[in-house]
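The values are calculated or read from the model by the stated rules, or taken from the named source; none is laboratory data. If you're wondering where the values come from, they're calculated on a predicted model, not measured in any experiment. Heads up, the Cβs are rebuilt from the backbone with ideal geometry, glycines too, and the neighbour counts pull from every protein chain shown. Ligands, DNA and RNA are stripped out before the accessible areas are found, and what is left, the full protein with its side chains, is counted by its heavy atoms. Shrake-Rupley method; radii C 1.70, N 1.55, O 1.52, S 1.80 Å.
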Amino acid sequence: MCESRGPGDNSKEDNGRRIEPGTYPLATQAGGKYATIGYTGAKTPPKPGLELLKTNKRTEILIHPGVNFLSSVGCINPTKKVSGPLSDMDFTESRTRAIALIDDLKTFAGGGFPKSNGKRIPNASVVVEGEPVLSTESVESVLEAVAGDPNKGLPAAVFQKFAPRPASGSKRTIYDGYIGAFTSDKGLKTLGDHGVCNNYDRLMHFFAQAAMETGGFTLIRESLTYTTVAVIRNAWRSRAAGKTDQWIEDNLLRKPQALGDWAYGGRMGNVKGTLDGFNFRGGGTFQTTGRDAYTAKGKLAKVDLANHPELIEDPQTSLLAACAEWKGSGCNAFADAGLIKKISRAINVGNANSATQANGEADRIAWHEKVFKAVKNAGLLG
């Protein structure tokens, strides 16, 4: 069995830790992603899984197939023997074992096995004793590995593994500017001053968010030059719903300043009928948007972004503003605990505890998995 990193803790929801030692009744899982009954046959069936009950503040602690340790955020994954604590799990093998476990429970419970999901399985429990025990081979692999130094940040080669460098053109220039800032002595000092370099968890979460916001480090400012009505409607669905195609074409196509005022004017601190919407459009490492956000991040970073929003286009200034926001939003602690949803909402929504999902929340998780794999394969984690 594989679990996420410890220590075991059930006292807080969504903390991403291992489950505490104890005895937990088993139930059939009722969910869209995982189910005990009905995990086959549908067009897009859920994966097989079982749920642990009586887990205190935490819910949806499951036994389910895992791809790698990032799949097991506080859950338990059956797997064949892995070579070390950073090794990937074989999904096919893990799925086979999860199904075998369900089938064994059906045989064990006989007629008492629930006929539907979300029901307690009679006389079936999971017992967790102490902390996980590594095999001798795993211990040796950890002792023999040489960990990297997070204070040195991520090497340029690692960035290129999870966010490839564009072949040419303006995107390549933007990419080189970002990576140059992230890996320079000045950039490392900025990351260090804000606690981002304290460990690799923080670095991986920080750059996953940055990669998401910038399209893999290829976007420095939001483009408001749109050439089709359909793209505008897709970007601002509710706002465009009351406008005809002709109105959008006449007033917004290829008119970035007008589009900025239409999309952002009168909110986020922008004054309607001015150039605020255009001047304070998305920019920099975390794509800061709106006069209020520019002003707040400028104060944190001690840069006058309120009067000079164009400064966000400087990669070093952009990194400084992003780090100031990161630290000010408590993201270092969230990264230490693996709370990627809180990080995503702090950066994108402006409130870590918001019930509103961050834009592209699933993509942010996917970016983190890419960064994790690149850092792990580079041997930086030991």
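List of remarks:
- The set of residues from segment 219-251 being in contact (Cβ under 8 Å) with a residue 12 or more places away in the chain and among the polar types (S, T, N, Q) comprises Ser223, Thr225, Thr227, Thr228.
- Among the residues of segment 298-328, those that are farther than 22 Å from Asp185 by Cβ, open to solvent by 40 Å² or more (accessible area, probe 1.4 Å) and not in a helix (DSSP H, G or I) comprise Asp304, Asn307, His308.
- Condition check for Gly41: among the small types (Gly, Ala, Ser), modelled with pLDDT under 85, assigned to a loop (DSSP other than H, G, I, E, B) and open to solvent by less than 80 Å² (accessible area, probe 1.4 Å): no
- When residues in segment 218-246 are screened for being assigned to a helix (DSSP H, G or I) and more than 30 Å from Ala163 (Cβ to Cβ), 6 of them pass.
- Filtered residues of segment 91-127 (kept if open to solvent by 60 Å² or more (accessible area, probe 1.4 Å) and assigned to a loop (DSSP other than H, G, I, E, B)): Lys115, Lys119
- Scope segment 1-36; condition open to solvent by 20 Å² or more (accessible area, probe 1.4 Å), within 10 Å of Val128 (Cβ to Cβ) and not basic (Lys, Arg); matching residues: Met1, Glu3, Gly8, Glu20, Pro21, Gly22, Thr23
- Those residues of segment 269-296 which are outside any loop (DSSP other than H, G, I, E, B) and open to solvent by less than 20 Å² (accessible area, probe 1.4 Å), in sequence order: Asp276, Gly277, Gly283, Thr288, Tyr294
- Among the conditions (1) under 30 Å from the mean Cα position of the chain (by Cα); (2) surrounded by 16 or more Cβ atoms within 10 Å (Cβ to Cβ); (3) more than 30 Å from Asp304 (Cα to Cα), the only one that Ser238 does not satisfy is (2).
- Among the candidates Gly192, Gly260, Gly216, Gly187, residue that is at positive phi, touching a residue at least 12 places away in the same chain (Cβ under 8 Å) and surrounded by 14 or more Cβ atoms within 10 Å (Cβ to Cβ): Gly216
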